[in-house]
1. Looking at segment 55-62, can you tell me whether even one residue there is in a loop (DSSP other than H, G, I, E, B) and open to solvent by less than 50 Å² (accessible area, probe 1.4 Å)?
2. Among the residues of segment 5-44, count how many are aliphatic (A, V, I, L, M) and more than 16 Å from GLN106 (Cα to Cα).
3. Answer with yes or no whether ILE48 is touching a residue at least 60 places away in the same chain (Cβ under 8 Å), over 23 Å from SER113 (Cα atoms), surrounded by 14 or more Cβ atoms within 10 Å (Cβ to Cβ) and among the β-branched types (Val, Ile, Thr).
4. Going by what's in this entry, would LEU19 be described as in a strand (DSSP E or B), surrounded by fewer than 17 Cβ atoms within 10 Å (Cβ to Cβ) and within 15 Å of the chain's Cα centre (by Cα)?
5. In segment 75-92, which residues are open to solvent by less than 10 Å² (accessible area, probe 1.4 Å) and not acidic (Asp, Glu)?
6. Among the residues of segment 96-109, is there at least one that is of a type in the set (Gly, Ala, Ser), open to solvent by 50 Å² or more (accessible area, probe 1.4 Å), in contact (Cβ under 8 Å) with a residue 12 or more places away in the chain and touching a helix residue (DSSP H, G or I) at 6+ places or on another chain (Cβ under 8 Å)?
7. Tell me which residues, restricted to segment 78-101, are part of a strand (DSSP E or B) and either of a type in the set (Val, Ile, Thr) or under 15 Å from SER49 (Cβ atoms) (or both).
8. Of (1) of a type outside the set (S, T, N, Q); (2) in contact with a strand residue (DSSP E or B) (Cβ under 9 Å, 6 or more places away or on another chain); (3) over 17 Å from ARG18 (Cα atoms); (4) without any contact (Cβ under 8 Å) to a residue 24 or more places away in the chain, ASP58 satisfies all except one. Which?
Amino acid sequence: VQLQASGGGLVQPGGSLRLSCAASGSIFSIMGWYRQAPGKQRELVAEISRGGNTNYADSVKGRFTISRDNAKNTVYLEMNSLNPEDTAVYYCNAFGASTRANYWGQGTQVTVSS
């Protein structure tokens, strides 16, 4: 199983970024994004089921949108109205439908700064 995340970078406050994570090697029931800021624990940002049900952290509701393409085994995170508190390494996560195992991508840095 491999999860390849992309799309991070440096953006000014108020800006937008789109993260992508292409997964391979299994069928995944839940796919999502977590983030970890320096000195803080990793936290859930958003997750989406294979059927499209979503769950968001309160801090990103109304600003971030998660979506997935099941045919491509890819999950996306559209991030708008970014602020410096969103600065973190963002990790793609996927839960195997048959393996019942949790998988992680390599992480992509998102920095929000002027």
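1. Yes.
2. Here is the first cut: in segment 5-44, the residues aliphatic (A, V, I, L, M) are 5, 10-11, 17, 19, 22-23, 27, 30-31, 37, 44.
Checking which are more than 16 Å from GLN106 (Cα to Cα) leaves us with 10-11, 17, 27, 30.
The total comes to 5.
3. Details: touching a residue at least 60 places away in the same chain (Cβ under 8 Å): no; over 23 Å from SER113 (Cα atoms): yes; surrounded by 14 or more Cβ atoms within 10 Å (Cβ to Cβ): yes; among the β-branched types (Val, Ile, Thr): yes.
No; evaluated as a whole, the condition is false for this residue.
4. no
5. Residues of segment 75-92 that are open to solvent by less than 10 Å² (accessible area, probe 1.4 Å), as a first pass: 75, 77, 79, 82, 86, 88, 90, 92.
Hits for segment 75-92 are VAL75, LEU77, MET79, LEU82, ALA88, TYR90, CYS92.
6. Taking segment 96-109 and keeping what is of a type in the set (Gly, Ala, Ser), we get 96-98, 101, 105, 107.
When the remaining residues are screened for being open to solvent by 50 Å² or more (accessible area, probe 1.4 Å), the result is 98.
If we keep only those that are in contact (Cβ under 8 Å) with a residue 12 or more places away in the chain as well, we get 98.
With touching a helix residue (DSSP H, G or I) at 6+ places or on another chain (Cβ under 8 Å) added as a condition, the list becomes none.
Checked against the condition, which is being of a type in the set (Gly, Ala, Ser), open to solvent by 50 Å² or more (accessible area, probe 1.4 Å), in contact (Cβ under 8 Å) with a residue 12 or more places away in the chain and touching a helix residue (DSSP H, G or I) at 6+ places or on another chain (Cβ under 8 Å), segment 96-109 yields no hits at all.
7. Initially, segment 78-101 is screened for residues part of a strand (DSSP E or B), giving 78-79, 88-96.
Within segment 78-101, VAL89, ASN93, ALA94, PHE95, GLY96 meet the criteria.
8. Of the numbered conditions (1) of a type outside the set (S, T, N, Q); (2) in contact with a strand residue (DSSP E or B) (Cβ under 9 Å, 6 or more places away or on another chain); (3) over 17 Å from ARG18 (Cα atoms); (4) without any contact (Cβ under 8 Å) to a residue 24 or more places away in the chain, the odd one out for ASP58 is (2).
The values are calculated or read from the model by the stated rules, or taken from the named source; none is laboratory data. Computed from a prediction, not measured in an experiment: that's the story for all the values here. Every residue, glycine among them, receives a Cβ derived from its backbone with ideal geometry; neighbour counts consider all protein chains shown. Heavy atoms of the whole protein, side chains included, go into the accessibility calculation; ligands, DNA and RNA do not. Shrake-Rupley method; radii C 1.70, N 1.55, O 1.52, S 1.80 Å.
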